[in-house]
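Remarks on the structure that follows.
The values are calculated or read from the model by the stated rules, or taken from the named source; none is laboratory data. For clarity, every value in this text was computed on a predicted model and none was experimentally measured. Please note: Cβ atoms are built from the backbone with ideal geometry, for glycine as well, and neighbour counts cover all protein chains shown.
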Amino acid sequence: MPDEAASALARNDPEVAAIVAAERARQTETLEIIASENYASAAVLEATGSVFTNKYAEGYPGRRYYAGNEHADAVESLAIARAKALFGAEHANVQPTSGAEANMAAYLAFAEPGDTILGLELTQGGHLTHGSPVNFSGRLYDFVPYSVDRETEVVDMARVAELAAEARPRVIVTGATAYPRRFDFAAFAEIARAVGALLLVDMSHFAGLVAGGAHPSPVPHADVVTSTTHKTLRGPRGAFAMTTAEHAAALDKAVFPGTQGGPHLHSIAAKAVAFGEALRPEFRDYAARVTANAAALAEALMERGLRLVSGGTDTHLALIDCGALGISGLKAQNALQGSGIIANKNTIPYDERSPFVTSGLRIGTPALTSRGMGEAEMGRLADWIARVLRDPDGEGVREGVRREVAAFARQWPVPGLSDA
Ligand code: DSN
């Protein structure tokens, strides 16, 4: 946030300003390894806090339901053009305000309530909106979950093909929130085509890796691709969706007026900035470093005797099997938080603990890589994680690691905070 805005906040509402300042300090002094989080640049934060906050613009560029939208049209058109250029898509819609709403719009566009959809089981890494019974997706559509193989912990494509042949889904969804491996988009597309289904890839987690060339792109294979903008893509909190020219009108109609009202133009302006940043050559370097750091961290943890789901990673994230250490994911998360390392508990495949307790811990490298850390730093991080998880009740260990982490973290500037 620009200083001028920060001081306006401090003058106008010192109570909120103090909370924001505390959060700023927390983000600077801890090591953020939640796989879905990142640090947006100062430019992205500035656009998010811009005057577009004040504007209504239902509709799309050139066809709005409100007046005064010449600059709204310009910024949304720019975001669309940059998204298309970045991912090589025929059509992009930059209005979804979150990944959940992007997925809701995609289902609305391409399926009828009650239709069958295939999605990765939530407890095996899938997302709430990929068919969880407590989510709109599981309540409105007939989701059939597919799973990972018990031994390899990798998606069993033969089983996906069998399930698709039996269930004849309208849509097949891939993508996940806690899956450390790459999806075989070509194989999913072939299965979808064979049963007359559309393929939806939710690339929220790895969008930045795709943008930076560190992960295969789903765009040539999928009928529709949805994504958030704030994870590996390092943009503002928000989402977007892409499709082919053939399905463009259906997708747009499903976003507005199908699922949303006024677009969040301040976020759209910030998405344009983020897409612009991701189009620069240095973003390719960033994406490559994210995956190299994840591989180095995974290797270093396994060298220290920790078990990782599927034996490692080829993305930005990994899942530690805390059950193998005799502790829950919840206990691991809390012990690490007490040491200044912020990760999140997560179920692992065939988990016997509840989703609130879990046997796993999800870790990721997008945020630390944004701070400039490299493979050497991943070794130190693995040391701290292993020390804490091997003695989660040891106050001495926790306190010792907390002091080392705080001193270390202060040496690494946080984009958007230290360079504002
Ligand atoms: N909350 C996101 C994540 O952490 O992966 C998914 O919505």
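Taken together, the criteria place residue 352 among residues that are exposed (fewer than 15 other Cβ atoms within 10 Å of the Cβ), among the acidic types (Asp, Glu) and more than 17 Å from residue 298 (Cβ to Cβ).
Take the conditions assigned to a loop (DSSP other than H, G, I, E, B), closer than 28 Å to residue 343 by Cβ and modelled with pLDDT under 95 and apply them to residue 213. Does it pass? Answer is no for this residue. Only residues that are part of a loop (DSSP other than H, G, I, E, B) and either buried (at least 18 other Cβ atoms within 10 Å of the Cβ) or within 16 Å of the ligand (Cβ to nearest atom) (or both) were counted across the range 167-178, and they come to 6.
Scanning the range 110-140 for residues that are crowded, with 23+ Cβ neighbours inside 10 Å and away from the ligand (no atom under 15 Å from the Cβ) turns up 117, 118.
Evaluating residue 329 against the criteria (1) closer than 30 Å to residue 418 by Cα; (2) surrounded by 24 or more Cβ atoms within 10 Å (Cβ to Cβ) leaves one unmet condition, (1). Scanning the range 232-246 for residues that are outside any loop (DSSP other than H, G, I, E, B), touching a residue at least 24 places away in the same chain (Cβ under 8 Å) and surrounded by fewer than 20 Cβ atoms within 10 Å (Cβ to Cβ) turns up just one, 245. Consider the range 303-347 and keep the residues that are of a type in the set (A, V, I, L, M, F, W, C) and part of a loop (DSSP other than H, G, I, E, B). The one that is farthest from the chain's Cα centre (by Cα) is 327.
Applying the condition of being more than 21 Å from the chain's Cα centre (by Cα), among the aliphatic types (A, V, I, L, M) and surrounded by fewer than 16 Cβ atoms within 10 Å (Cβ to Cβ) to the range 72-94 and asking which residue is nearest to residue 55 (Cα to Cα) yields 74. The listed residues are 319, 361, and the only one of them that is in contact (Cβ under 8 Å) with a residue 60 or more places away in the chain and touching a Gly at 6+ places or on another chain (Cβ under 6 Å) turns out to be 319. Close Cβ contacts (under 8 Å, 6 or more residues apart or on different chains) running from residues in the range 401-420 that are without any contact (Cβ under 8 Å) to a residue 60 or more places away in the chain to residues that are among the hydrophobic types (A, V, I, L, M, F, W, C) comprise 404/384; 412/368; 412/373.
Does at least one position in the range 290-302 carry a residue that is part of a helix (DSSP H, G or I) and among the charged types (D, E, K, R)? Yes, the range 290-302 contains a residue that is part of a helix (DSSP H, G or I) and among the charged types (D, E, K, R).
Contact map, the range 338-351: residues that are of a type in the set (S, T, N, Q) paired with residues that are assigned to a loop (DSSP other than H, G, I, E, B), Cβ distance under 6 Å, separation 6+ or inter-chain. Pairs shown: 344/34; 346/178; 346/358; 347/355; 347/358.
Listed by position, the strands (runs of 3 or more DSSP E) contained in the range 48-166 that have at least 1 residues being touching a Lys or Arg at 6+ places or on another chain (Cβ under 8 Å) and touching a residue at least 60 places away in the same chain (Cβ under 8 Å) are 91-93. Only residues that are more than 15 Å from the ligand (Cβ to nearest atom) and over 11 Å from residue 225 (Cβ atoms) were counted across the range 189-207, and they come to 10. Residues of the range 74-100 that are within 16 Å of the ligand (Cβ to nearest atom) and more than 20 Å from residue 62 (Cβ to Cβ): 97, 98, 99, 100. In the range 374-382, the count of residues that are assigned to a helix (DSSP H, G or I), touching a Ser or Thr at 6+ places or on another chain (Cβ under 8 Å) and among the aliphatic types (A, V, I, L, M) is one or more.
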